[in-house]
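**Student:** So that we are looking at the same thing, I have put the structure below in structure tokens.
The values are calculated or read from the model by the stated rules, or taken from the named source; none is laboratory data. Since the model is a prediction, treat every value here as computed from it, not as a measurement. Here Cβ is always computed from backbone atoms with ideal geometry, including for glycine, and neighbour counts include all displayed protein chains. Note: accessible area is taken over every heavy atom of the protein model, side chains too, but ligands, DNA and RNA are not part of it. Shrake-Rupley method; radii C 1.70, N 1.55, O 1.52, S 1.80 Å.
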Amino acid sequence: MARTGEGQTALVTGASAGIGVDLAECFAKDGYDLILTARSEGALQEVATRLAAAHRIKATPIAGDLSIPGGGATLAKAIAERGLRVDVLVNNAGYGIAGAFDGSDLTEQLGMIDLNDRALVELTHVYWPRMLANRRGGALNVASTASFQPGPLIAIY
Ligand SMILES: NC(=O)c1ccc[n+]([C@@H]2O[C@H](COP(=O)([O-])OP(=O)(O)OC[C@H]3O[C@@H](n4cnc5c(N)ncnc54)[C@H](OP(=O)(O)O)[C@@H]3O)[C@@H](O)[C@H]2O)c1
């Protein structure tokens, strides 16, 4: 029986570890081909090899840093250069910092905003118009219920 994702490709960010690996596996089980991205090239390759073999799909690892402004555009270019298409976008890459603002590391704080928010908007901006035009596809944004709560020491997250 044909699987629901056959003939489609899911791009999963933050797919070298954690929740991203499990989400990638969910899509692979449904027959989606995968594009996996994160900074750790070796870990990405391992996930891609394992999921491709286990679920009879194609998995393409593309390493890169999405917290660098323009990181999303660089990734989209690398995807297009490989002749790949994105039918489903999973914006999962992200991290959280908790602690007092006073004495916090500015680069780390701004990096969190750039990865959790800016890169998500950048990638969605690239892929959303085609999904709408085709009336097919989707974007899954992975976030935390903590972002809806005015908790102490996590204001920026
Ligand atoms: N774990 C939780 O309890 C929890 C709860 C609520 C929400 N979340 C959210 O769920 C998502 C995944 O969390 P997780 O717990 O699975 O985190 P994780 O285990 O730390 O994995 C994060 C993933 O993001 C990638 N990543 C980190 N910085 C990156 C960068 N600059 N550019 C590209 N990729 C980057 C990491 O790979 P590299 O290091 O190789 O780049 C890794 O693949 C995050 O958005 C997080 O905020 C998690």
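**Student:** Considering the zone a paramagnetic label at THR4 would reach in this model (a point 7 Å from Cα along the Cα-to-Cβ line), which residues of segment 38-80 have amide N under 19 Å from it?
**Tutor:** 55-58
**Student:** So how far, in whole Å, is the C-alpha centre of segment 104-157 from the one of segment 5-58?
**Tutor:** About 20 Å separates the Cα centre of segment 104-157 from the one of segment 5-58.
**Student:** Of ASP22, ASP65, ASP33, which has the largest mean-square fluctuation in a 10 Å C-alpha GNM of the chain?
**Tutor:** So, out of ASP22, ASP65, ASP33, the one fluctuating most is ASP22.
**Student:** Still on this structure, please answer the following. Looking at the chain as a GNM with Cα springs under 10 Å, which of GLY94, GLY18, GLY103 has the largest mean-square fluctuation?
**Tutor:** Top of the fluctuation ranking is GLY103.
**Student:** Amide H of ILE68: which non-local residues (sequence gap of 5 or more, or other chain) have their own amide H closer than 5 Å, using H built in the peptide plane?
**Tutor:** none
**Student:** May I ask you to evaluate 6.51 cos²θ - 1.76 cosθ + 1.60, the Karplus curve with θ = phi - 60°, for each residue of segment 71-81 and list the ³J(HN,Hα) values in order in whole Hz, giving x for glycine and proline?
**Tutor:** Those phi angles translate into x, x, 5, 4, 5, 4, 5, 4, 5, 5, 4 Hz.
**Student:** Let me ask something else. How would TYR32, TYR95 rank on accessible area, largest to smallest, probe 1.4 Å? Spell out each step's value before the answer.
**Tutor:** On the way: TYR32 30, TYR95 80 Å².
Order by accessible area, largest first: TYR95, TYR32.
**Student:** Can you list the HN-Hα couplings for segment 5-20, worked out from phi with the Karplus curve (6.51, -1.76, 1.60; θ = phi - 60°), rounded to whole Hz and with x for Gly and Pro?
**Tutor:** Each residue's phi maps through the Karplus curve to give x, 4, x, 10, 10, 10, 9, 10, 8, x, 9, 8, 7, x, 4, x Hz.
**Student:** Run the numbers for THR107 and GLU41: contour at 0.36 nm per residue of separation, minus the present Cα-Cα distance, in nm.
**Tutor:** Contour length minus the Cα-Cα distance gives 21.5 nm.
**Student:** Also, quick follow-up: With the cut-off at 1.5 for a/c, could you classify the chain from its C-alpha gyration tensor as rounded, prolate or oblate? If you can, show how the numbers build up before the last one.
**Tutor:** Numbers: a/c = 1.87, a/b = 1.75, b/c = 1.07.
Note, shape of the chain comes out prolate.
**Student:** When the Cα atoms of segment 1-51 are enclosed in a convex hull and the volume is divided per residue, what value in Å³ results?
**Tutor:** Looking at segment 1-51, the number lands at 61 Å³ per residue.
**Student:** Let me ask something else. Measure off, as a whole percent, the carbon and sulfur share of the 1.4 Å-probe accessible area of segment 14-148, all protein chains present.
**Tutor:** After summing per-atom areas, the C and S share lands at 56 percent.
**Student:** Return one whole number: the accessible area per residue of segment 1-149 in Å², for a 1.4 Å probe.
**Tutor:** Here the residues of segment 1-149 average 56 Å² of exposed surface.
**Student:** Extension gain ALA73-ALA53, at 0.36 nm per residue separation less the Cα-Cα distance, in nm?
**Tutor:** Additional length available on full extension: 4.3 nm.
**Student:** Got the relative contact order for the chain handy, in percent, Cα pairs under 8 Å and 6 or more residues apart? Mind dumping the intermediate values first?
**Tutor:** Working: 254 pairs, mean separation 35.3, N = 157.
It rounds to 22 percent for the chain.
**Student:** Go ahead and run the numbers for FRET between ARG130 and ILE156, Cβ-Cβ distance against an R0 of 22 Å, rounding to 0.05.
**Tutor:** Working: r = 32 Å, r/R0 = 1.47.
That pair, ARG130 with ILE156, gives E of 0.10.
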